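Read the structure below first, then the notes.
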Amino acid sequence: MDLSNFPWKVHNVRFAILFGSRVTGKGFRWDWDFAVYFSDFKLEYIADLVYALSKHLNVREDMIDIVPLNLFDDLPCALVLKILNGKVVFYDDEEFYSRQWLRMMGICLDFVVDYRKIENT
């Protein structure tokens, strides 16, 4: 399914990354996992986006999962690293996307390094 013609901006999305089984080809459920950075985050945006994506992809709403990257600081780094290795399906500003990607990757890689240091002591 082509996600490039989905109206991401209408749903206040700055960038969206597809990750999980749809990208890796592994798994049994084959749901649609998206990590999304909203221009102005509100919880109701997630429900609206799930509904619109389910119609666009012609799947049930329970087959769409949205992880809001605006709440990045509350996400486990293991999940963030999985997301950042996914497939970018939309961004409205390449520089903004790149800065956010580098910020999240840097913080999580620092966490992994610190964790390994502690684990090895």
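I want to confirm something. Restricting to region 83-102 and keeping residues that are in a helix (DSSP H, G or I) and either of a type in the set (A, V, I, L, M) or modelled with pLDDT under 95 (or both), which single residue is surrounded by the fewest Cβ atoms within 10 Å (Cβ to Cβ)?
Start the filter on region 83-102 by keeping residues that are in a helix (DSSP H, G or I), which leaves 83-84, 94-102.
Pick out the ones that are also either of a type in the set (A, V, I, L, M) or modelled with pLDDT under 95 (or both) and you get 83-84, 102.
Numbers: Ile83: 22, Leu84: 19, Leu102: 11.
The qualifying residue surrounded by the fewest Cβ atoms within 10 Å (Cβ to Cβ) is Leu102.
Would you confirm whether or not region 32-50 contains a residue that is touching a Gly at 6+ places or on another chain (Cβ under 7 Å) and not aliphatic (A, V, I, L, M)? Among the residues of region 32-50, at least one is touching a Gly at 6+ places or on another chain (Cβ under 7 Å) and not aliphatic (A, V, I, L, M), which makes the answer yes. Checked across region 50-67, the condition of being in contact with a Cys (Cβ under 6 Å, 6 or more places away or on another chain) and of a type in the set (Val, Ile, Thr) holds for no residue. Number of residues in region 34-75 that are among the acidic types (Asp, Glu), touching a helix residue (DSSP H, G or I) at 6+ places or on another chain (Cβ under 7 Å) and more than 16 Å from Lys9 (Cα to Cα): the value is 1. Does any residue of region 65-76 turn out to be modelled with pLDDT under 95, in a loop (DSSP other than H, G, I, E, B) and either charged (D, E, K, R) or surrounded by fewer than 15 Cβ atoms within 10 Å (Cβ to Cβ) (or both)? Yes, some residue in region 65-76 is modelled with pLDDT under 95, in a loop (DSSP other than H, G, I, E, B) and either charged (D, E, K, R) or surrounded by fewer than 15 Cβ atoms within 10 Å (Cβ to Cβ) (or both). Of all residues in region 1-43, those that are at pLDDT below 95 and in a helix (DSSP H, G or I) total 5.
The values are calculated or read from the model by the stated rules, or taken from the named source; none is laboratory data. All figures in this text were calculated on a predicted structure; none of them were measured in a lab. Positions of Cβ are backbone-derived with ideal geometry, glycine not excepted, and every protein chain shown enters the neighbour counts.
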